[in-house]
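Scroll down for the structure; my scribbles are underneath it.
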């Protein structure tokens, strides 16, 4: 299955790209995909990075073919 990964802010800087298409094999949750995407990136606090699947902030969802996944840096402000 293919999914589109979009990187934003410091995550995009660390990945040196803003978007890619990944081919995945088998079932994977959003939190597992997040760990896979962030593995090896120079991000100090990887737990603060949020993942959104089809604009839904739910890291327990199972990824499906064609999903759009966004890796979002921590937000500040109010």
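Miscellaneous remarks
- For region 3-12, the criterion of being modelled with pLDDT of 95 or more and exposed (fewer than 13 other Cβ atoms within 10 Å of the Cβ) is met by none of the residues.
- Flag for residue 35 being surrounded by 12 or more Cβ atoms within 10 Å (Cβ to Cβ), free of Cβ contacts under 8 Å to residues at least 12 places away in the same chain and more than 12 Å from residue 3 (Cα to Cα): yes
- If you filter region 58-78 down to residues that are at pLDDT below 95 and under 17 Å from residue 7 (Cβ atoms), you find that the one that is surrounded by the fewest Cβ atoms within 10 Å (Cβ to Cβ) is 75.
- The residue of region 38-57 that is farthest from residue 74 (Cα to Cα), among those that are buried (at least 17 other Cβ atoms within 10 Å of the Cβ), in contact with a helix residue (DSSP H, G or I) (Cβ under 6 Å, 6 or more places away or on another chain) and without any contact (Cβ under 8 Å) to a residue 24 or more places away in the chain, is 53.
The values are calculated or read from the model by the stated rules, or taken from the named source; none is laboratory data. Just so it is clear, the model here is predicted, and its values are computed rather than measured. All Cβ positions, even for glycine, are placed from backbone atoms using ideal geometry, and neighbour counts span all protein chains on display.
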